[in-house]
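What follows is one structure encoded as structure tokens, with my remarks underneath.
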Amino acid sequence: MKRDIENREDIEKLLEAFYQQATQDPSIGRFFTEVVPLDMQQHIPVIAGFWEAILFGSRTYSKNVMAVHQHIHQLSSIKKEHLDRWVQLFTQTVDRLFEGEKATLMKQRGASIATLMDIKLNYNQVGNK
Ligand code: HEM
């Protein structure tokens, strides 16, 4: 039986599985390989800090995640279809590996932050979209 996400190690395991899929995805892969080519060895600890803060209340992330994506969006637009795909892959990865309260919270937060990102990136300026 699957268990819940219990610690940072679990988060890192989940993120490795997620980015393995995301980097190869026909819709969103190029953001991670071409738009901002990422060294996953460096990237995963940063994102793990973000999720550890959300799930366990640690002080492991202090940057502005929206500003980071605003910058990526200026290089190559992040559209709703990309965010939908991100959420789909993220949800599938969580479901494949874990189940429980934290797993549910992680899926909910992933989806709600993606919705907020769409609003901030694509609807924020008058006349945009
Ligand atoms: C289509 C959707 C998305 C794409 C293409 C995308 C792409 C990226 C890329 C390329 C980076 C690296 C930026 C850099 O190092 O300069 C990044 C960073 C990050 N992403 Fe996303 N992202 C997406 C959605 C999301 C969502 C929905 C979340 C949160 C729920 C998220 C959380 C993060 C975090 C925490 C970082 C680290 C930012 C930092 O360096 O402080 N991303 N993303």
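Each reported figure results from applying straightforward, stated rules to the coordinates on display, with no laboratory input. Every value quoted in this text rests on a predicted model; they were computed, and no experiment measured them. Note that each Cβ is placed from the backbone with ideal geometry, even for glycine, and that neighbours are counted across all protein chains shown.
Values computed for the structure shown
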{"read-out": "Acute angle (nearest 10 degrees) that the helix 101-122 long axis makes with the longest principal axis of the chain, alpha-carbon atoms", "value": "10 degrees"}
{"read-out": "Helix axis angle, 65-75 relative to the chain longest principal axis, alpha carbon, degrees", "value": "40 degrees"}
{"read-out": "Region 12-129: C-alpha pair distances exceeding 24 Å, %", "value": "23 percent"}
{"read-out": "Rounded if a/c under 1.5, otherwise prolate or oblate - region 44-105, Cα gyration tensor axes", "value": "oblate"}
{"read-out": "Qualifying GluC sites (Glu not before Pro) in region 1-97, DSSP loop, other Cβ atoms within 10 Å at most 16", "value": "6"}
{"read-out": "Two-site label geometry, residue 25 and residue 74: point separation in nm, points 7 Å out along Cα→Cβ", "value": "2.5 nm"}
{"read-out": "Violating pairs (Cα-Cα greater than 22 angstrom) within the set 13/107; 79/120; 13/79; 79/107; 80/102", "value": "13/79; 80/102"}
{"read-out": "Over region 8-122, relative contact order from alpha-carbon pairs under 8 Å, at least 6 apart, %", "value": "30 percent"}
{"read-out": "Using alpha-carbon coordinates, inclination of helix 80-97 to the longest axis of the chain, degrees", "value": "10 degrees"}
